[in-house]
1. I'm trying to understand the selection: among the residues of the stretch 317-363, which are assigned to a helix (DSSP H, G or I) and open to solvent by 70 Å² or more (accessible area, probe 1.4 Å)?
2. Go through the stretch 443-465 and count every residue that is hydroxyl-bearing (Ser, Thr, Tyr), farther than 28 Å from PRO87 by Cα and part of a strand (DSSP E or B).
3. Let me spell it out: the conditions are (1) free of Cβ contacts under 8 Å to residues at least 40 places away in the same chain; (2) touching a Lys or Arg at 6+ places or on another chain (Cβ under 9 Å); (3) within 23 Å of LEU430 (Cα to Cα), and VAL145 meets all of them except one. Which number is the exception?
4. Taking the stretch 482-517 on its own, how many of its residues are under 24 Å from the mean Cα position of the chain (by Cα) and farther than 20 Å from VAL328 by Cβ?
5. Show the residue pairs meeting these rules: Cβ distance below 7 Å; 6+ apart or different chains; first residue within the stretch 109-124 and in contact (Cβ under 8 Å) with a residue 60 or more places away in the chain; second residue assigned to a helix (DSSP H, G or I) and open to solvent by less than 40 Å² (accessible area, probe 1.4 Å).
6. Suppose we filter the stretch 511-527 for residues that are in contact with a helix residue (DSSP H, G or I) (Cβ under 6 Å, 6 or more places away or on another chain) and hydrophobic (A, V, I, L, M, F, W, C); how many remain?
7. Condition test on THR230, is it under 30 Å from SER266 (Cβ atoms) and of a type in the set (S, T, N, Q)?
Amino acid sequence: MAWFLYLLFVNLIQIWSSQVKADTFSAIFRIEMVLETETKLISHLEKLAADERSEGRFLSDDILEFLERASVENKLGRSDEDFPANPLNALRILRRYVHWWTRIPEMLQCEDCFISSHVLEYIESYDAITQNMAEVPSANDLKGVADGIYRLSKMYHLDLAELYGGKIKDTQTDPMDPEDVLLITDILESKDLYETEIVWLEKLIDRFRSGQWDHSLIEQRKFYKRLARTFFMAGQLTETIKIIQEYLDEVPDDEIMKKELEFYESKDDNEVERVVTRHKEFVYDAEIDENYLRLCNGEELRTPRQLAPLRCFSRETTIPYLRAKEEVLNYNPRIAMFHEVISHNETLVVREIAKARLIRSGLLNKDGSQFQDRIRISQTAWVDDLDHPIIDKLSRRIESLTGLSLTRKQRASDCEALQVLNYGVGGLYLPHWDYMLENNQQTEDLWGSGERIATWLFYLTDVKYGGSTVYPKLKVRVPVTKGSAAFWYNMKKNTDVDERTLHAACPVLVGSKWVCNKWIRVNGQFKTRPCGLTKDDTIHD
């Protein structure tokens, strides 16, 4: 394990915020904001079209056709608040913005044509609207969403034919566009996953053959060329020639594809080097990866004998007349789920405060250096008890439920600020520990606070599919349940870290997952949690 990177949540977010890019794809909330921005852009472009038409001028057919299509799709998105939380819809929203809205101002101008005052007014409005966006979507966001959809298809064993048709589990949206599929195959190619890319491309061509997608001759050629090239990159020269010949059987006069056939027929098997895929989807050992995958797919990995002792309790709190609904999911170490511990209105307050502060979630290496990586797809905001009475109230509630101290101080605080997260398309956090080990990066209020003894995790929303918190070493899964919270200790009673608490956030398949957590520090708990009588004593009550 010496090689292992201990992946830690960033404690110095406020200090580093100017260095962190809040990628749109890494939070569903950001995609919702793009949809709102598009509504404004549609209104201004419709006004421009009407103003130009009133003076006998007309926008190009391309712009007018796009405007009509965008208007219909935007209204559909705004009619359903969960629309952007579907990964296929998220890709469609971002692709419209990146491929079209960013190009409209340029399409309205040319060196030799008349540029009216109405066009200049639109461009001015466009600039004002986009400058107010916290994050402008880019091609990188399209790649992020495409990568997320591929990751979801692999994690949850999605049927590609259904996915292309817009179906994910029992949710249905518009079918994927062929260009959406190519965005995903680009991701596969960048990872040298040629065998997987072939499967995706063959399914795409199957839809063309069956007439499920309208297509021109040029499009048909493009997809056959792409599949042939992928077969070649995978070292399958015979299949490469076969797929081009199949196309030429249907379109025998296509000179471009005839040249493609000549090129590949001139190759010898000895010239083709089979590419061995070295890309690794996850970063842990085989057992952890296997348990993580199975738990995320809802499998129960424990035996009936192991499950039999688990109970639900009416738990006492530090307030004599208040009791809590506790469901014990594991005894050693104790992992519990507390039900109905945060109200709907409180979840709204927490989310609203966090929205203006969200930035791309970061990680720390053991040396304290910061990085962002696909193993954690979310955005983070930090909220202090002093920011709102509700936030302070939640801290006092956690104290009453756990018996631990959550006092915030200028130095040696008993806990960290509340961390609020919104996950993105395929949003996840691969297996990690919450404790920090020798990492010494601290904000001033945490100097002398010690290690993270415990984690309290509120679930602020429900999700339709995915997003569970899982513990691969313990074979435990906590489902996303709005209003509930998960609680566990990261340390044993002797203050040694407990490696069994390795945990992960499963990819969100459909839904917008909001959570917030409190990391409780050890040095402030010496009165509430004394050391055990033996070295291996575990906190379990």
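1. Let us first name the residues in the stretch 317-363 that are assigned to a helix (DSSP H, G or I), namely 344-355.
Of everything in the stretch 317-363, those that are assigned to a helix (DSSP H, G or I) and open to solvent by 70 Å² or more (accessible area, probe 1.4 Å) turn out to be HIS344, ASN345, LEU348, GLU352.
2. Just the residues of the stretch 443-465 that are hydroxyl-bearing (Ser, Thr, Tyr), to begin with: 443, 449, 455, 459, 461, 465.
Filter once more, so that each one left must be farther than 28 Å from PRO87 by Cα: 443, 449, 455.
Adding the requirement that they be part of a strand (DSSP E or B) leaves 455.
Result for the stretch 443-465: 1.
3. (1)
4. Residues in the stretch 482-517 being under 24 Å from the mean Cα position of the chain (by Cα) and farther than 20 Å from VAL328 by Cβ: 14 in total.
5. As it stands, the answer is SER116/GLU52; HIS118/LEU48; HIS118/ASP51; HIS118/GLU52; VAL119/LEU48; TYR122/LEU45; TYR122/LEU48, since those pairs meet every condition given.
6. Total satisfying the criteria: 2.
7. On the way: under 30 Å from SER266 (Cβ atoms): yes; of a type in the set (S, T, N, Q): yes.
Yes, satisfied.
Yes/no matrix, rows are residues, columns are (1) modelled with pLDDT under 95; (2) closer than 16 Å to GLY403 by Cβ; (3) of a type in the set (Asp, Glu):
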| site | (1), (2), (3) |
| --- | --- |
| SER449 | yes, no, no |
| TRP456 | no, yes, no |
| LYS473 | no, no, no |
| PRO479 | no, no, no |
| ASP496 | yes, no, yes |
| VAL508 | no, no, no |
| TRP519 | no, no, no |
| ASP537 | yes, no, yes |
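The values are calculated or read from the model by the stated rules, or taken from the named source; none is laboratory data. Given the structure is predicted, the values throughout are model-derived calculations rather than measurements. Note: ideal-geometry Cβ built from the backbone for every residue, glycine included; neighbour counts use all protein chains shown. Calculation scope for accessible area: heavy atoms of the full protein, side chains included, ligands and nucleic acids excluded. Shrake-Rupley method; radii C 1.70, N 1.55, O 1.52, S 1.80 Å.
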